[in-house]
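Okay, so here's the structure we're looking at.
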Amino acid sequence: MTSSLSTNIGDRLKTAAEAHSNLENTMEAFNDPELTGLKTGSKNAQRLYRSAVIGLANDVQSLYTGIEGIYDLICKKHDGFVPQGDNTHQQILDQMLKATPSRPALLDAAEHKTMVELKNFRHVVRKNYGIKIDPTRVFENAERMAKIWDAINSKIKHFAQRPNTPDSPSV
C-alpha cells in the first residue's frame, strides 16, 4: 500500500476514533441519574432528555459515516471499485465483505450484518432530523456501534499497515 493511502486511512481512523470517544462519553452520560431523571421531569426537562437522545443518535451516525468513508476510500483507491446507483452505501459494505487478491475481507458476516443495521439507522437519523427517533432504537444502535468498533478499527489498522500492498487491483 502506498504511504499516501495508508496515511489517508490513518487520518480518517483518527477522526473515527474521536467520534467513537464522543459516542462512549455520551453513552456514559446516560448512566447519570441527573440525565435519566430528565426523562420523567417537567416538559422542559423532557425536551432536554430528548435532545440528549438525539445527540447520541448523531454520535452513532457520525461514527458510522466515518467508517463508511474509510471503506469508500478503500473501494475506490485500493480495489478500483466505484459504487454506483441508488444503493452505493450497501455496495460499499458488500465490497468490504469480500476478500480481494490484494486485501483480506474487512468485515465478516456478523460485522456486515451489524453494519447494514447501522447504515439503516444512520438513514433514519439523517432523514428524520430526530423527529421520529425512538430512544430504544437509539440505545440499541449505540450499543451495536460500541461493540463492533474495536474489531473494525483493528481490521482497518491492520490493512493500512500491510507492507507492499498494491494500491490498485491486479488485473
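The table that follows gives values for the structure above.
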| item | result |
| --- | --- |
| q = 0.08 Å⁻¹, the range 3-161: log10 I(q)/I(0) [Debye, one scatterer per Cα] | -0.26 |
| Among ILE92, ILE131, ILE152, residue whose mean-square fluctuation peaks in a GNM of the chain (springs only between Cα atoms under 10 Å) | ILE131 |
| Calculated from backbone phi, Karplus (6.51, -1.76, 1.60) coupling profile of the range 150-162 in Hz, x at Gly/Pro | 4, 5, 5, 4, 4, 5, 5, 4, 4, 4, 5, 8, 5 |
| Förster-model FRET efficiency, 45 Å R0, SER42 and SER102, C-beta, rounded to 0.05 | 0.15 |
| Highest-fluctuation residue, GLY37, GLY55, GLY69 considered, GNM on the chain with Cα pairs under 10 Å | GLY37 |
| Crossing angle, helix 3-29 versus the chain [Cα axis fit, 0-90 degrees, rounded to tens] | 20 degrees |
| Karplus (6.51, -1.76, 1.60) ³J(HN,Hα), θ = phi - 60°, over the range 75-91, in Hz, Gly and Pro reported as x | 4, 6, 8, 9, 7, x, 10, 10, x, 9, x, 6, 10, 4, 5, 5, 4 |
| Residue-wise HN-Hα coupling along the range 41-55, computed from phi with Karplus coefficients 6.51, -1.76, 1.60 (Hz; x: Gly, Pro) | x, 4, 4, 5, 5, 5, 5, 5, 4, 4, 5, 5, 5, 5, x |
| Nonlocal amide H pairs with ARG103, under 5 Å, H built at 1.01 Å | none |
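We did not get these values from a lab; they are worked out from the coordinates using the rules stated. All of these numbers come straight from a predicted model, not from anything done at the bench. With ideal geometry, Cβ positions are generated from the backbone for all residues, glycine too; neighbour counts draw on all protein chains shown.
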